[in-house]
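Working notes, structure below.
The values are calculated or read from the model by the stated rules, or taken from the named source; none is laboratory data. Note that the structure is predicted; figures quoted are calculated from it, not measured. Because the Cβ atoms are built from the backbone with ideal geometry, glycine has one as well, and the counts that use them run over all protein chains shown.
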Amino acid sequence: MRAALSLAARGLGRTWPNPAVGCVLVRDGAVIGRGWTQPGGRPHAETEALARARAFSGGADGATAYVTLEPCNHYGKTPPCALALVEAKVARVVVACQDPDPRVAGGGLTRLRDAGIAVTTGVCEAEALALNEGFFNRITLGRPLVTCKVASTLDGRIATATGESQWITGPTARAWGHRLRASHDAILVGIGTALADDPELSCRLPGLEDRSPVRVVVDSGLRLPPTAKLATGARHIPTWVVTGPTPDPARAEALAALGVEPIPVAAGPDGRVDPTAAMTALAARGITRVLVEGGASMAGALLGAGLVDRLEWFRAASLIGGDGLPAVAGFGVEALAAMARFECTAVRSAGADLAESYRRIGPKASV
């Protein structure tokens, strides 16, 4: 099952709106087929593994299938994977976790059992749930998994008082950041970051250049200029601008002409894009995993709305102090009981910097 989970991870950031699934077929102690969900969500992992078993082993008759998610049981653009396993005459199916999608929701397991196939569930379940947390969020909460990436000094500053921020962390940490981009469906920044840095928000690691996620700018007033790199490159990398409910028609048309898609959503009490409405709109378009890269106000807005599920914090062994820009702005609590609490899940060295991973503690916010 751990091999199947490793295969599934290859699809993260590429399979949306579908989950990233892995499948390994074993017979007589030997692997006879393996597969993972392909870009765009199909072919499914089971289909890929069965095809390889037919090509190299004559089929999967009598094999055990290890699958990271309950096989689908509905007809969509492809036939059900549960049916494919039945027709392949596998003897046993081991499943890491069940699928909360109402179109499946136990139906795949029932079909397998009704066909006389032995079914085991819950193997490496925690790992499988964490792997596809974004998909589960979209199905059960109506929003994607939200991960905030921060690159800061030891005192939590992401820039000097004059706005200088390149580069606080070293090349290893920055390369890890690009790997994070490749494993997410979308990368999101606020208009302040877009205007100040004019970023490309692409994945530029060798071999992963085609793994750039959808680029999303939260821009209440549709201020993104047509000359911005995010706009001029929209024909090559999908670029969306989440804006207020009544965007300026001329600005929207100018951006649309470059390939940028304006997405109007409801505004909050402060007149800015409502964070919950923004996440709802992204989920409606199939996005399951969002990496938030800036800035401080965007991180604060999402934390204030209870929408941040994970933190990826790269910490340089340096100090800025003074009036340096904090990692989180506009979010604050008056009582410790109201703090946003996270648990540390990993601490690694990233060159001269530290890479810290955190997961939110407590119930998740739905939309």
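A few comments on the model shown:
- Number of positions in the stretch 60-112 that are modelled with pLDDT of 95 or more and at positive phi: 2
- Unique residue being more than 17 Å from the chain's Cα centre (by Cα), modelled with pLDDT under 95, of a type in the set (S, T, N, Q) and assigned by the TED database to the domain that holds Gly221 when the list is Ser318, Ser297: Ser297
- Test: residue in the stretch 2-17 that is in contact with a His (Cβ under 6 Å, 6 or more places away or on another chain), at pLDDT 95 or above, crowded, with 16+ Cβ neighbours inside 10 Å and under 24 Å from Pro100 (Cα atoms): yes
- Condition broken by Val367, with the remaining ones in (1) within 22 Å of Thr160 (Cα to Cα); (2) of a type in the set (Val, Ile, Thr); (3) part of a loop (DSSP other than H, G, I, E, B) satisfied: (1)
- When the helices (runs of 4 or more DSSP H) confined to the stretch 81-163 are screened for residues that are under 30 Å from Glu312 (Cβ atoms) and small (Gly, Ala, Ser), those reaching at least 2 such residues are found at 125-131.
- Matching residues in the stretch 1-50 - criterion: being in contact with a helix residue (DSSP H, G or I) (Cβ under 6 Å, 6 or more places away or on another chain), farther than 18 Å from Val119 by Cα and among the charged types (D, E, K, R): Arg14, Arg34
- Filtering the stretch 171-224 to residues that are more than 22 Å from Ala8 (Cβ to Cβ), surrounded by fewer than 16 Cβ atoms within 10 Å (Cβ to Cβ) and small (Gly, Ala, Ser) leaves Ala175, Ala196, Gly221.
- Among the residues making up the stretch 164-188, those that are in a loop (DSSP other than H, G, I, E, B) and not β-branched (Val, Ile, Thr) are Glu164, Ser165, Gln166, Trp167, Gly170, Ser183, His184, Asp185.
- Selection status of Pro199, assigned to a loop (DSSP other than H, G, I, E, B), under 29 Å from Gly351 (Cβ atoms) and out of contact with any Leu (no Cβ under 6 Å at 6 or more places or on another chain): yes
- Among the residues making up the stretch 326-364, those that are part of a strand (DSSP E or B), without any contact (Cβ under 8 Å) to a residue 24 or more places away in the chain and touching a Phe, Trp or Tyr at 6+ places or on another chain (Cβ under 7 Å) are Glu343, Cys344, Thr345.
- You will find that of Phe331, Phe342, the residue that is at pLDDT 95 or above and farther than 26 Å from Gly40 by Cβ is Phe342 and no other.
- Against the conditions (1) at pLDDT 90 or above; (2) exposed (fewer than 11 other Cβ atoms within 10 Å of the Cβ); (3) over 25 Å from the mean Cα position of the chain (by Cα), Ala352 satisfies every one except (2).
- Matching residues, the stretch 284-299, being out of contact with any Cys (no Cβ under 9 Å at 6 or more places or on another chain) and either surrounded by fewer than 21 Cβ atoms within 10 Å (Cβ to Cβ) or of a type in the set (Val, Ile, Thr) (or both): Ala284, Arg285, Gly286, Ile287, Thr288, Val290, Ser297
- Sole residue being basic (Lys, Arg) and either under 23 Å from Asp274 (Cβ atoms) or not assigned by the TED database to the domain that holds Leu255 (or both), chosen from Arg143, Arg204: Arg143
- Annotation for the stretch 242-259: at least one member residue is acidic (Asp, Glu), farther than 21 Å from Gly330 by Cβ, part of a helix (DSSP H, G or I) and modelled with pLDDT of 95 or more.
- Only one of the listed residues (Asp270, Asp323, Asp309) is within 30 Å of Thr243 (Cβ to Cβ) and surrounded by fewer than 16 Cβ atoms within 10 Å (Cβ to Cβ). That residue is Asp270.
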